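Written below as structure tokens is the structure these notes are about.
The values are calculated or read from the model by the stated rules, or taken from the named source; none is laboratory data. Keep in mind the model is a prediction, meaning the values are calculated, not measured. Here the Cβ positions follow ideal geometry from the backbone for every residue, glycine too, while neighbour counts run over all protein chains shown. To get the accessible areas, we keep the full protein, side chains included, count just its heavy atoms, and leave off ligands, DNA and RNA. Shrake-Rupley method; radii C 1.70, N 1.55, O 1.52, S 1.80 Å.
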Amino acid sequence: MKKLSTLHRLRAYVGRYRARLLLGALCVSLSNLAAIASPRFLKYAIDSLGGSISKEKLLAYSALIVVFAVLEGIFLFLMRKIMIGVSRYIEYDLRNDLFAHLLGLSRRYYQNHKTGDIMSRATNDMNAVRMLLGPGIMYSANTIVRMIVVLFFMLHIHVTLTLFALATIPIVSLAVRYFGAVIHKRFEKIQEAFSEISARVQENLAGIRVIKAFTQESSEIEQFKRLSQEYISQEYIHKNLGLIRVWGAFYPMLGALLGVGGVFVLWFGGREVMAGRITLGDFVAFNAYLGMLSWPMIALGWVINIIERGSASMGRINHIFDAQPEIKDDSVSVSPVPFILQDKSGSRSLPAGPVLSEIQGEIEFKNLSFAYNGTRVLRDINLRIPRGATYSIVGETGSGKSTLINLLARTYESTDGEILIDGLPIQKYPLRSLRSQMGYVPQETFLFSDTIRENIAFGVEEASQTAVHEAARLAQILPDVEGFPKRFETLIGERGITLSGGQQQRTAIARALIRNPRILILDDALSSVDTYTEERILTALKEIMRGRTSILISHRVSTVKFADQIIVLNQGSIVERGTHEELLDRGGYYAELYQKQLLEEELAGA
Amino acid sequence: MQHHEEEALGKAYDSHLMRRLLRYLAPYRIQVFLALLITAAASLLQVCGPYLTKIGIDRYIVTKNYEGLNKVALIYVSIIILGFLLGYIQTYIMQLTGQKIMYDLRLEIFTHLQRLPLAFFDRNPVGRLMTRVTTDVDVLNELFTAGVVTLLGDVLVLLGIVVIIFYLNFKLALVAMSVIPLIFLITVVFKIKARDSYRRVRTAIARINAFLQEHITGMSIVQLFNHERKSFAQFDEINRGHLTANLDSVMAYSVFFPAVQVVSALAIALIIWYGGGQVIERELSFGALVAFIQYSERFFRPIADLSEKYNILQSAMASSERIFKLLDFPIDIKQPEQPVRLKEIQGEIEFRHVWFAYNRLDPKKESAGPATGRALPALNPVTRESEWDWVLKDVSFKVNPGEAVAVVGHTGAGKTTLTSLLMRFYDIQKGEILLDGHDIRTLDLQQLRRSFGFVLQDVFLFSGTIASNIRLGTPGITEEAIYRAAQDVNLEEFVEELPNGYVEEVKERGSTLSTGQKQLIAFARALAHDPRNLILDEATSSVDTDTELKIRDAIARLMQGRTSIIIAHRLSTIQNADKIIVMHKGQIREIGTHQELLAQRGIYYKLYQLQYKDQELPLART
């Protein structure tokens, strides 16, 4: 029952291809009916050999065997092409839907789930489900139909002989099931042991610089050897040996059990031929029928495994599908795929997001508090940023600066208090249009392995060459880009060039600027840029920030001091606010920060 | 657009690769030989079945000899049981040997990875290298255990059947075998189709994986920039490519199975037609005819399996090609043949007209190197200087023992490269780097690297304990040395607050520790190894001021009595250096003390002004 419920999600997908699957099932039946003919003709041919038979008749039987084999072949071909094909279509649909769902999931989901884990669900598990839908369904259908058809003809020849011949079949399927379960369990254990080795290698490779700098290579090799020996000689091989013992017996045993059925037929069937109860032709045909059963029987065990793995994997994929986007639009229906509509034809189309008239950019945090995993990160924040103003936020690591920004962009949802833009709570704005008004430069730069142009044009529907050029110029990345052989078409990342930390940050700034946002947010976005470039970027930004609401987060006094207001956060609360001069006069945290930076300089200069 | 691992369009069977793979069997030749012997015996037994049926029919069933039939049945059963035992032993031996080969191979890959130059790791992401050690090795395991021996078994069975049927009746055997060319034809066509679609499927899967990986990692950027629809459209395109490639491969496989089936039926029809005629003319016995039919069924079974085995072979070839490519990647930075071992290192460092480039400039190909990368190019006298993407240009300077040198400059000026070269992470193309007057390329590599304490901007911690992260694998470092080092770098206070002190668990990448704490652990690590020289790539941008002061103090302790080279982003931290080297666009532009350089009013002066002029003004006001 549990299996059925995990597979429930697939019903809609399978339903979409119902007609084709029925056609496939028809082909299964027809191919089996055609296949069953051949032993019949064999029987007639052999039986008539005892009497007088013309060569023409023999030729006719032979021809019939070929004709029916061709028929069987055609239906077999159609069966595979249709049924495996359908599984590929469903896989495609399912993977698209999964990705669409992933696009809608909130940041918290990605923080709580490892990338590798999501990846393995979207790839390995998807593959297991595909196996269930393809070979799983196809071979199940084939085995069932073949069993029925062959059994009918075998019983037709001789009931007792049939029982003898099939005496080992229950043992075969029991053995398949038993071995399947044991193998599955042991296989999992081995996987566990193996993932430890993997983790070790992963860490080693990630830290290769340190290893080389401290000449730890031999020590690492020794450790790896010890670890894999430990697993291989003791646990791993031991576990594996268990598996080998079981596995080593599996296929030879299947062969033996099926072979024994054949011996029964030879022995008992032979006696029946002698007794004249069946003809020699029956005997040969019977042998042929038994041969027709052997592969589907072996396949049965395999199919059971496929179905078990497939439904386990579907369960794991369901975990993703069942995760609801934490943050979504209030008014929009609770569709798991918020931005995708499905029209009647079944093809997907994406609606144009509701575009709000441009906002003015007045931001207000009202009695805002926020807790993350039980820890209070923000306490009772009250702050109004007038439209067009530039505000800076300083504070120690962990004081809540980035959280404030995340709440504004609704990557986290505020729990207490309100955030208003132009006097309206941000929840009232459609998520798409809210974010489309923001240009955000994150603390950790993430660029895509695409061209520089695509990376800068990332957040806009269409970007002209001039727009990309202008954004790059303002972000001070243009001289760098012009220095690259392919300029804006230069690929970033593995297959292209590696940008320095500063170049990455400047590209990210260009990406935010090209959106022409009402609200510009720089979250410590100049940390990897040297002071000279910082100065130039800031000069350029001052121009852009005129008329836009801007929030700058930084550790550097030089970055924040020209802001209209400087906000000092400490342990989630606003402790100071004012202009650079006002705060210096106040002699609080900001003044201290400033003094410390001066003091350091003096100390160093001494 | 997305980066993905290009699947090498290798051959399904490459004799070079195969020969090299088979070399791994050599240490286990006895086991392999035994397995082959058993396989041969088991194949022989397998071939016996239909012949026994023939005897049963011709000698006993036709003559109504019940006892004889019993005897044949008994022999048949014994053969089956024997076959089972042999099969079991064979599988057992091969699986076990397979495991051992995998162990050898893994160790070889891992060992090679440890020795590869950093240039290799710059080009190859960890995830990909992991695949070499894990998935690719597993694929080969399948080849060794399921492929090689079983394939041989199949061949033996086929041969056995051919021998027996020709022995039974030469003419009928010839007639039955006349379908073989058809099988060849089908197989060749299948091979071509399957090979092409296999490659396309693999490439499509790699693209899907790369795309997913990147988008899951960067999901918040996708969402914040409203890129969902575009991302979805991109994914749909890639996913559709995967679908069509797969549908093509379904076609190839769907044709192959039925085609073999039809040929098999053709063979049986021929046997009935021609063999039946022979029976009538008493040239062939009933039993022999039945045996012929059974043999022809058995003959086509392994051929139908061929497509399965073909897959195994194909992926094994692709995997082994990738593994060998990795193993063949030259270790170009290695111990010199006759290394100079210095008795005592003074710590005198000198750069003499050093030129260095990571890449050759190539306007046609902007991405340098194939997937597995290539060694750093050595300077060919024929190539002109302008063909190189120089990172360092004619850099010369000298640091006396015990001196502290600060390197400053804009990002990308070549500061980090400078330090990497000192430790021989990369070799230079022109010039010389000297330690105590010896070219570092002649020095014992271990001694050279051990003489440096190296603290990177991004601290890398291993999973383990605080103590194990300070000691690493170096055996000579005592507990006391660890405590002392921790004390000296202001780490002690923090460690004492931990419930388990120095044996407190450190998670992967030190995820439970703050940046500042990690920094201090890295300092303790460097100090505990008591290096003669110190290289420090300063990271100051993301710690609070208190930690900053602790770090500042720790750096001062580290530098005491050592030749130190410090890369600094903030000028204030290096003003007490003996010498300041100002790097600009890969060249040294200024060298001198803080005061001297200020007086020069050059690049350093400008950097200084930018950093401090705004802060000095309000100070003057008060």
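Points worth noting:
- Residues being in contact with a helix residue (DSSP H, G or I) (Cβ under 8 Å, 6 or more places away or on another chain) and of a type outside the set (K, R) - total across region A:397-433: 12
- One residue stands out among those in region B:85-103 that are within 9 Å of chain A (Cβ to nearest Cβ) and among the β-branched types (V, I, T): the one that is most open to solvent (accessible area, probe 1.4 Å), which is B:I89.
- Selection count where residues are facing chain B (nearest Cβ under 7 Å) and surrounded by 17 or more Cβ atoms within 10 Å (Cβ to Cβ), scope region A:103-118: 4
- Hits in region B:285-297 (condition: more than 10 Å from chain A (Cβ to nearest Cβ) and not aromatic (F, W, Y)): B:S285, B:A288, B:A291, B:S296
- Condition check for A:F268: within 13 Å of chain B (Cβ to nearest Cβ), modelled with pLDDT of 85 or more and open to solvent by 10 Å² or more (accessible area, probe 1.4 Å): yes
- Residue under evaluation B:F257, criteria (1) within 8 Å of another protein chain (Cβ to nearest Cβ); (2) modelled with pLDDT of 85 or more; (3) under 30 Å from A:I74 (Cβ atoms), criterion not met: (2)
- The residue pairs whose first member lies in region A:466-490 and is within 22 Å of A:G439 (Cα to Cα), whose second member is among the charged types (D, E, K, R), and whose beta carbons are closer than 6 Å, counting only pairs six or more residues apart or on different chains, are A:V468/A:R453; A:A475/A:R506; A:Q476/A:R506; A:Q476/A:R536; A:I477/A:R506; A:V481/A:R487; A:F488/A:R453.
- Check on B:N209, on the phi > 0 side of the Ramachandran plot and at the interface with chain A (Cβ under 8 Å from one of its Cβ atoms): no
- Any hit, region A:59-79, residues being of a type in the set (D, E, K, R) and over 12 Å from A:V28 (Cα atoms): no
- Residue within region B:63-84 that is within 10 Å of chain A (Cβ to nearest Cβ), assigned to a helix (DSSP H, G or I) and within 40 Å of the chain's Cα centre (by Cα) present: yes
Matching residues to (1) open to solvent by 20 Å² or more (accessible area, probe 1.4 Å); (2) in contact (Cβ under 8 Å) with a residue 40 or more places away in the chain; (3) outside any helix (DSSP H, G or I):
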| residue | (1), (2), (3) |
| --- | --- |
| B:L182 | yes, yes, no |
| B:H215 | no, no, no |
| B:K230 | yes, no, no |
| B:A245 | no, yes, no |
| B:Y253 | yes, yes, no |
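- Residues located in region B:373-406, provided they are modelled with pLDDT of 85 or more, assigned to a strand (DSSP E or B) and charged (D, E, K, R): B:K393, B:D394, B:K398
- Failed item in (1) closer than 23 Å to A:L408 by Cα; (2) within 9 Å of chain B (Cβ to nearest Cβ); (3) open to solvent by 10 Å² or more (accessible area, probe 1.4 Å), with A:I514 passing the rest: (2)
- Across region B:194-212, the number of residues qualifying as open to solvent by 10 Å² or more (accessible area, probe 1.4 Å) and either touching a strand residue (DSSP E or B) at 6+ places or on another chain (Cβ under 6 Å) or touching a residue at least 60 places away in the same chain (Cβ under 8 Å) (or both) comes to 9.
- Scanning region A:437-452 for residues that are within 16 Å of B:N226 (Cα to Cα) and either modelled with pLDDT under 80 or in contact with a Gly (Cβ under 6 Å, 6 or more places away or on another chain) (or both) yields one hit, A:F446.
- In the set (1) open to solvent by 40 Å² or more (accessible area, probe 1.4 Å); (2) closer than 21 Å to B:A204 by Cα, A:I137 fails one condition alone, (2).
- Assessment of region A:77-95 against the conditions (facing another protein chain (nearest Cβ under 8 Å), open to solvent by 10 Å² or more (accessible area, probe 1.4 Å), under 30 Å from B:I280 (Cβ atoms) and among the hydrophobic types (A, V, I, L, M, F, W, C)) yields no matching residue.
- Where helices (runs of 4 or more DSSP H) fall entirely within region B:111-150, those with at least 2 residues that are under 30 Å from B:L86 (Cβ atoms) and not small (G, A, S) are at B:137-142.
- Restricting A:A37, A:A19, A:A12, A:A25 to residues that are among the aliphatic types (A, V, I, L, M) and open to solvent by less than 30 Å² (accessible area, probe 1.4 Å) narrows the list to A:A37.
- Among the candidates A:I53, A:I46, A:I74, A:I65, residue that is surrounded by fewer than 22 Cβ atoms within 10 Å (Cβ to Cβ) and at pLDDT below 90: A:I53
- All positions within region A:435-447 that are in contact with a helix residue (DSSP H, G or I) (Cβ under 6 Å, 6 or more places away or on another chain) and either over 27 Å from A:H555 (Cβ atoms) or within 7 Å of chain B (Cβ to nearest Cβ) (or both): A:R435, A:Y440, A:F446
- From the list B:V354, B:V340, the lone residue that is open to solvent by 40 Å² or more (accessible area, probe 1.4 Å) and among the β-branched types (V, I, T) is B:V340.
- Candidates in region A:378-408 are the residues that are part of a loop (DSSP other than H, G, I, E, B) and crowded, with 21+ Cβ neighbours inside 10 Å; of these, the one that is modelled with the lowest pLDDT is A:S399.
Residue-by-condition table, conditions (1) without any contact (Cβ under 8 Å) to a residue 12 or more places away in the chain; (2) facing chain A (nearest Cβ under 8 Å); (3) within 9 Å of the chain's Cα centre (by Cα):
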position: B:R106; (1), (2), (3): no, yes, no
position: B:I109; (1), (2), (3): no, no, yes
position: B:R123; (1), (2), (3): no, yes, no
position: B:D136; (1), (2), (3): no, no, yes
position: B:V139; (1), (2), (3): no, no, no
position: B:F144; (1), (2), (3): no, no, no
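- Of the helices (runs of 4 or more DSSP H) contained entirely in region B:457-521, those carrying at least 1 residues that are within 14 Å of chain A (Cβ to nearest Cβ) and open to solvent by less than 40 Å² (accessible area, probe 1.4 Å) fall at B:466-471, B:479-488.
- Being in contact with a Phe, Trp or Tyr (Cβ under 9 Å, 6 or more places away or on another chain), modelled with pLDDT under 75, in a helix (DSSP H, G or I) and open to solvent by 10 Å² or more (accessible area, probe 1.4 Å) holds for only one residue in A:A249, A:A299, A:A256, and it is A:A249.
- Where a residue in region A:188-211 is of a type in the set (F, W, Y) and its partner, wherever it lies, is modelled with pLDDT under 65 and buried (at least 16 other Cβ atoms within 10 Å of the Cβ), with Cβ under 8 Å and at least six apart: A:F194/A:Y231; A:F194/A:Y236
- Residue match in region A:525-540 (condition: open to solvent by less than 30 Å² (accessible area, probe 1.4 Å), modelled with pLDDT of 80 or more and under 45 Å from the mean Cα position of the chain (by Cα)): yes
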